[in-house]
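Here you go, one structure.
Please treat every number below as a calculation from the coordinates, not as lab data. From a predicted model like this one, the values you see are computed outputs, not experimental measurements. Cβ atoms come from the backbone with ideal geometry, glycine included; neighbour counts cover every protein chain shown.
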Amino acid sequence: MKKVFFVLVLVALILVPATSATLETSSAANSKYAVGLNLGTNTGIGFQYRMSNKFDVIGNLGLRNFGVSKLALDAAANFKVYEFSIKDFDFDVTLGGGLFLGIPIQSGYKLDLAVLVPVGLVYSIDKDIVPIDVYFRLAPGVMLIKDGTTGFDFGISSYLGALWRFD
């Protein structure tokens with residue numbers, strides 16, 4: 001019961017800021033929805049729900065590439081903490097907090113659950129050219145449940161991806 005309560009508290013900490021934010025529509029680059037491809041530790045479909053130009057919810061649904069075969073689902077609240085330019089290219093630095101869930105798809109394996117802190121570098125291509133965000137994200141984390149056993153174990157995930165922005 002304590003594990004379930006702990007997971008619910010973590011999910012609430014992610015979703016409460018998401019429900020209080022509003023979308024700022026002044027920028028054409030800030031489309032509300034985006035879907036694309038994540039390549040990395042978990043390869044699959046990436047998604048984004050943008051609440052404002054400084055806050056979004058990001059996630060990935062795919063297969064875990066290293067180790068045992070598990071369906072991997074991760075989601076995080078993501079904040080833009082810094083922006084910089086190199087020549088005419090504008091980049092955002094993001095920081096977030098979220099959860100990873102590894103669901104076994106082979107018999108003999110058990111559930112994984114981890115808390116993640118994704119740090120990302122995002123480049124948004126101009127909407128008039130092609131509405132795509134390209135990003136690199138590192139997500140250090142703490143494994144709370146590994147193969148069905150509770151305890152603490154540290155790890156890191158990484159992603160390279162592209163998301164198509166929709167209005």
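Just want the answer: with Cβ charges of +1 for Lys and Arg and -1 for Asp and Glu, which residue in F47, I105, V57 is farthest toward the dipole's positive end in region 40-119?
After comparing all options, I get I105.
Find the lysine pairs in region 30-166 meeting two conditions, Cα atoms under 20 Å apart and a separation of 8 or more places or different chains, and report how many there are.
Eligible lysine pairs with Cα atoms under 20 Å apart amount to 10.
Treating only the Cβ atoms of Lys and Arg (+1) and Asp and Glu (-1) as charged, compute the dipole magnitude of region 30-166 about its Cα centre; round to the nearest 20 debye. List each step's numbers first, then the result.
Working: 12 positive and 12 negative charges, 55 e Å.
Computed about the Cα centre, the dipole is about 260 debye.
Give me, ordered by chain and number, the residues 5 or more places off L111 or on other chains with an amide H under 5 Å from its own placed amide H.
Distant-sequence amide H within range of L111: G148.
I need the calculated FRET efficiency for the pair N65 and S107, taking r as the beta carbon distance and R₀ as 22 Å, to the nearest 0.05. Please report the intermediate quantities before stating the final value.
Working: r = 20 Å, r/R0 = 0.91.
Taking R0 as 22 Å, the efficiency between N65 and S107 is 0.65.
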